[in-house]
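Enquirer: Dumping the structure here so I can ask a few things about it.
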Amino acid sequence: SIDNIRKPQILEHFRQVVNAEGIHKASVAKIAKNMGVSPNLVLHYFESKEAMVIALFNVIMDQYTGYLSESVSKLPKGPQRLKALIKTMFGLGKNRELLSEKSYYAFYYLSLVDDQMKLRFNQKYEQLTDMVIREIESSAHFKGASPVELAKQAELLLSLFEGFTVSYSNPMGAC
């Protein structure tokens, strides 16, 4: 249906506006202008900017976890998969392509103040954590580790990733 075509188009233009100006400066009017259509068309497919924010967050997180999964899917289980996952996570290409730093932190902030975004953020973070745990578990270095130990290792890796993202976006280390 046309919905399956228009919604992704709108979200891609929304992503462009968000990456250029940030979430708070993005508006239905700016998205429509970027698309060359009427704001009413955008609102026909999404009832509000808030609905678009949640939809865009889901799309980006699904694309990112898909990207990570794809980076290891062709490799046999073992340490090389974990190494490939880590290399992909800490790579700078796709991360910046999907979402700018200021937009990532805007989504993160929204997860702290908006209950619906918090729920979505937690669901997606849990999916990412589960994927990391599976890859850690498949590594020969962690065979027989308890679920608690695996979860701690995944939490450490994800914390390092978040710290890397902060330090990369601000190389002088000032917050």
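Enquirer: Looking at the range 115-128, I want the residues that are farther than 14 Å from residue 105 by Cα and have a partner that is surrounded by 13 or more Cβ atoms within 10 Å (Cβ to Cβ) and among the small types (Gly, Ala, Ser) with Cβ atoms under 8 Å, at least 6 apart or on another chain. Which pairs are those?
Expert: Between residues of the range 115-128 that are farther than 14 Å from residue 105 by Cα and residues that are surrounded by 13 or more Cβ atoms within 10 Å (Cβ to Cβ) and among the small types (Gly, Ala, Ser), the close pairs are 120/111; 122/111.
Enquirer: Anything in the range 87-134 that is of a type in the set (Val, Ile, Thr) and open to solvent by 60 Å² or more (accessible area, probe 1.4 Å)? List them, or say none.
Expert: Applying the first criterion (of a type in the set (Val, Ile, Thr)) to the range 87-134 yields 88, 113, 129, 132-133.
The answer is 113, and nothing else.
Enquirer: Let me ask something else about it. If you check every pair at least six apart or on different chains, which have Cβ atoms under 7 Å apart with a residue in the range 100-114 that is within 15 Å of residue 52 (Cα to Cα) first and a residue that is of a type in the set (Lys, Arg) and exposed (fewer than 15 other Cβ atoms within 10 Å of the Cβ) second?
Expert: 111/118
Enquirer: Hey, residue 84 hits all of (1) open to solvent by 60 Å² or more (accessible area, probe 1.4 Å); (2) over 18 Å from the mean Cα position of the chain (by Cα) but one; which does it fall short on?
Expert: The single condition residue 84 does not satisfy is (1).
Enquirer: Ok, one more. Answer yes or no as to whether residue 144 is at pLDDT below 85 and surrounded by fewer than 17 Cβ atoms within 10 Å (Cβ to Cβ).
Expert: So residue 144 fits the description; yes.
Enquirer: Can you find even one residue in the range 54-65 that is more than 30 Å from residue 133 (Cα to Cα) and open to solvent by less than 30 Å² (accessible area, probe 1.4 Å)?
Expert: no
Enquirer: Can you give me the number of residues within the range 37-82 that are not acidic (Asp, Glu) and not in a helix (DSSP H, G or I)?
Expert: Total meeting the criteria: 9.
Enquirer: Cβ-Cβ below 7 Å, separation at least six or inter-chain, first residue in the range 1-30 and touching a residue at least 40 places away in the same chain (Cβ under 8 Å) and open to solvent by 40 Å² or more (accessible area, probe 1.4 Å), second hydrophobic (A, V, I, L, M, F, W, C) and part of a helix (DSSP H, G or I): which pairs?
Expert: Pairs that qualify, where the first residue is touching a residue at least 40 places away in the same chain (Cβ under 8 Å) and open to solvent by 40 Å² or more (accessible area, probe 1.4 Å) and the partner is hydrophobic (A, V, I, L, M, F, W, C) and part of a helix (DSSP H, G or I), are 24/106.
Enquirer: Which of (1) touching a Lys or Arg at 6+ places or on another chain (Cβ under 7 Å); (2) surrounded by 16 or more Cβ atoms within 10 Å (Cβ to Cβ); (3) closer than 27 Å to residue 161 by Cβ does residue 45 not meet, given it meets every other one?
Expert: (3)
The values are calculated or read from the model by the stated rules, or taken from the named source; none is laboratory data. Just so it is clear, the structure is predicted and the values come from calculations on it, not from any experiment. Note that each Cβ is placed from the backbone with ideal geometry, even for glycine, and that neighbours are counted across all protein chains shown. The accessibility values were calculated without ligands, DNA or RNA, using every heavy atom of the protein model including side chains. Shrake-Rupley method; radii C 1.70, N 1.55, O 1.52, S 1.80 Å.
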